[in-house]
Amino acid sequence: MASPDSYRDYKKALPRYCGDAFTYCIANKGLRVHAWCIMSNHIHCILSIANGTLSDTIRDLKRHTAKQILLSVQSEPESRRDWLL
């Protein structure tokens, strides 16, 4: 897990389909990533927001990453494609 001081390095640790969403939310929605833990099939994050509603930002983040994951499964070789879709 990362410390609050190193949250700027999050993009190095997050999967490629999450990095852009976190970058956008940090730059445009005031998202603050205090800590994270990457699991084999999900991530845990401690987040706050400077302005707006945290639940709205998380909703947008999940929507974007879900779309990216679906595009990846559909366009790249994936042995579990039938099961995932």
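Values quoted throughout were computed directly from the atomic coordinates according to the rules given, and no laboratory measurement underlies them. This is a predicted model, so every value here is computed, not measured. Counting neighbours? That spans all protein chains shown, and the Cβs are built from the backbone with ideal geometry, glycine included.
Laid out as a table, the results:
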| item | result |
| --- | --- |
| Inter-site label distance for S48 and K67 at 7 Å from Cα along Cβ, in nm | 3.0 nm |
| Separation in nanometres of the label points that stand 7 Å from Cα toward Cβ, at S40 and D56 | 3.8 nm |
| Under-5 Å amide H pairs with G30, H placed in peptide plane, nonlocal only | none |
| Fewest-first ranking of L54, L47, L31, using other Cβ atoms within 10 Å as the exposure measure | L54, L47, L31 |
